[in-house]
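**Student:** For reference, the structure I am asking about is given below.
The values are calculated or read from the model by the stated rules, or taken from the named source; none is laboratory data. Not measured: the values here are computed from a predicted model. In this analysis, Cβ positions are derived from the backbone assuming ideal geometry, glycine residues included, and neighbour counts consider all displayed protein chains.
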């Protein structure tokens, strides 16, 4: 057995390996389960009892030596391979990485924020899972209002009611609770309503709502603010019109339309051949809302407005199906790679 160990040791010392193929042959010949060294361990049972300690030690040293030789040669050959075959060619043209695109909803949201930032509106944010008071009660929703029904709202808990917010007006309620006027803020965010998904509606969408509370705020201030926004967003030629409407938290209330930028006001299927597109709701803050939030309605007045970001994006980029914003289709999203 000692002679066999010495013979294998001599073979290891005389090895000359120049390639990974030769190294693999070495591994199979000496280190594999059917290799020479493993064969020694198979014959170890035939060694005399008094010789086993010494022979066993010699076998372990031999096995470790073979493994070290294998590891060293493999490391050397791998480094040589990187230095020659895979060496970087500095004369090759640059391979430009493909840069992803910002989502159109993010682009429009940021543009809306920037427009209102320029006239003094700051950003306020709040929780998406909200309580009944801030979603409904503080905003003058009566107990029998249909928005409180399960068909419109995703309720999380009952008694007290906890729900996914249906509008970012809940953020405005929190701002009025904790801030002394003057207040000039916008609250962008994601909202949820229990609606059927279609080309014009979704159960998840994004809003930007604005609030201005101060002394002597008038409907004229609201109109000029929204006209400024429309011209900045859709172009200097854009016109607006305000139609009487109803919201529990504003009085008087209005819907605002902009002239259709797709057909130029001539009429098309997007604007239903009217030449106008509804983009937001607005109005003067109801005195009850100010009182519910701890603001003196005798001293202060205010206006509020809210718009759907998806609706603005559909108009700006002439997208006719709302669902495209949620499908993550790369072919659709890559169209916005040049938009900032």
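**Student:** Here's a check for you: in region 192-216, which residue that is closer than 19 Å to residue 111 by Cα and under 23 Å from the mean Cα position of the chain (by Cα) is surrounded by the fewest Cβ atoms within 10 Å (Cβ to Cβ)? If you could, list the steps in order and put the result at the bottom.
**Tutor:** Initial filter on region 192-216 (closer than 19 Å to residue 111 by Cα): 205-211.
Subset that is under 23 Å from the mean Cα position of the chain (by Cα): 205-209.
Details: 205: 19, 206: 23, 207: 23, 208: 24, 209: 24.
For region 192-216, the residue satisfying everything is 205.
**Student:** If we keep just the residues of region 159-169 that are over 17 Å from residue 121 (Cα atoms) and under 30 Å from the mean Cα position of the chain (by Cα), which is modelled with the lowest pLDDT?
**Tutor:** So the first thing to find is which residues in region 159-169 are over 17 Å from residue 121 (Cα atoms), and the list is 159-167.
Subsequent filtering for residues that are under 30 Å from the mean Cα position of the chain (by Cα) retains 161-167.
On the way: 161: 86, 162: 92, 163: 92, 164: 93, 165: 93, 166: 92, 167: 93.
So, considering only residues that are over 17 Å from residue 121 (Cα atoms) and under 30 Å from the mean Cα position of the chain (by Cα), the one modelled with the lowest pLDDT is 161.
**Student:** Just to check your reading of the model, which residue among 179, 166 is surrounded by 20 or more Cβ atoms within 10 Å (Cβ to Cβ) and farther than 22 Å from residue 111 by Cβ? Give the steps one after another, and end with the answer.
**Tutor:** Numbers: 179 fails: surrounded by 20 or more Cβ atoms within 10 Å (Cβ to Cβ).
Only one candidate qualifies: 166.
**Student:** Still on this model: Among the residues of region 141-152, is there at least one that is closer than 22 Å to residue 222 by Cβ, over 25 Å from the mean Cα position of the chain (by Cα), at pLDDT below 95 and assigned by TED's automatic domain parsing to the domain that holds residue 295? Lay out the reasoning, then the answer.
**Tutor:** Taking region 141-152 as the starting set, the residues that turn out to be closer than 22 Å to residue 222 by Cβ are 141.
Retained after the next criterion (residues that are over 25 Å from the mean Cα position of the chain (by Cα)): 141.
Subsequent filtering for residues that are at pLDDT below 95 retains 141.
In the following step, the residues that additionally are assigned by TED's automatic domain parsing to the domain that holds residue 295 were identified as 141.
Yes - at least one qualifying residue is present in region 141-152.
**Student:** Another question, if that's okay. May I ask you to verify whether residue 279 is in a loop (DSSP other than H, G, I, E, B), under 30 Å from residue 181 (Cβ atoms) and touching a strand residue (DSSP E or B) at 6+ places or on another chain (Cβ under 7 Å)?
**Tutor:** For residue 279, the condition - in a loop (DSSP other than H, G, I, E, B), under 30 Å from residue 181 (Cβ atoms) and touching a strand residue (DSSP E or B) at 6+ places or on another chain (Cβ under 7 Å) - is not met.
**Student:** Next up: Buried (at least 16 other Cβ atoms within 10 Å of the Cβ), in a helix (DSSP H, G or I) and at pLDDT 95 or above - does that describe any residue in region 114-129?
**Tutor:** Yes, there is a match, as at least one residue in region 114-129 is buried (at least 16 other Cβ atoms within 10 Å of the Cβ), in a helix (DSSP H, G or I) and at pLDDT 95 or above.
**Student:** Restricting attention to region 231-276, which residues are without any contact (Cβ under 8 Å) to a residue 40 or more places away in the chain, within 22 Å of residue 114 (Cβ to Cβ) and buried (at least 16 other Cβ atoms within 10 Å of the Cβ)?
**Tutor:** Residues satisfying the conditions are 231, 238, 240.
**Student:** Inside region 283-340, counting only helices (runs of 4 or more DSSP H) that do not spill past its ends, which hold 1 or more residues that are in contact with a strand residue (DSSP E or B) (Cβ under 8 Å, 6 or more places away or on another chain)? Lay out the reasoning, then the answer.
**Tutor:** Working: elements: 287-292, 309-317, 330-333.
Where helices (runs of 4 or more DSSP H) fall fully within region 283-340 and carry at least 1 residues being in contact with a strand residue (DSSP E or B) (Cβ under 8 Å, 6 or more places away or on another chain), they are 287-292, 309-317.
**Student:** Additional query: Being in the same structural domain as residue 230 (by TED's automatic domain parsing), crowded, with 19+ Cβ neighbours inside 10 Å and under 25 Å from residue 228 (Cα atoms), is that true of even one residue in region 315-333?
**Tutor:** yes
**Student:** In region 1-32, how many residues are in a loop (DSSP other than H, G, I, E, B) and modelled with pLDDT of 80 or more? Please lay out each step first, then the result.
**Tutor:** Let us first name the residues in region 1-32 that are in a loop (DSSP other than H, G, I, E, B), namely 1, 14-19, 32.
Then drop every residue that is not modelled with pLDDT of 80 or more, which leaves 14-19, 32.
The total comes to 7.
**Student:** Here's something else I'd like to know. Can you say whether residue 170 is assigned by TED's automatic domain parsing to the domain that holds residue 304, in contact with a helix residue (DSSP H, G or I) (Cβ under 7 Å, 6 or more places away or on another chain) and closer than 29 Å to residue 323 by Cβ, as far as the supplied structure shows? If you could, list the steps in order and put the result at the bottom.
**Tutor:** Details: assigned by TED's automatic domain parsing to the domain that holds residue 304: yes; in contact with a helix residue (DSSP H, G or I) (Cβ under 7 Å, 6 or more places away or on another chain): yes; closer than 29 Å to residue 323 by Cβ: yes.
Judged against the criteria, residue 170 is a match.
**Student:** If you scan region 33-55, which residues turn out to be in a loop (DSSP other than H, G, I, E, B), touching a residue at least 12 places away in the same chain (Cβ under 8 Å) and either under 16 Å from residue 67 (Cβ atoms) or touching a helix residue (DSSP H, G or I) at 6+ places or on another chain (Cβ under 6 Å) (or both)? Before the answer, list the steps.
**Tutor:** Taking region 33-55 as the starting set, the residues that turn out to be in a loop (DSSP other than H, G, I, E, B) are 33-35, 47-51.
In the following step, the residues that additionally are touching a residue at least 12 places away in the same chain (Cβ under 8 Å) were identified as 47, 51.
47, the sole residue that qualifies.
**Student:** Another question about this same structure. Only residues that are over 23 Å from the mean Cα position of the chain (by Cα) and either within 13 Å of residue 105 (Cα to Cα) or free of Cβ contacts under 8 Å to residues at least 24 places away in the same chain (or both): list them for region 288-317, please. Break it down into steps so the answer makes sense when it comes.
**Tutor:** Initially, region 288-317 is screened for residues over 23 Å from the mean Cα position of the chain (by Cα), giving 288-305.
Selection gives 291, 296, 297, 298.
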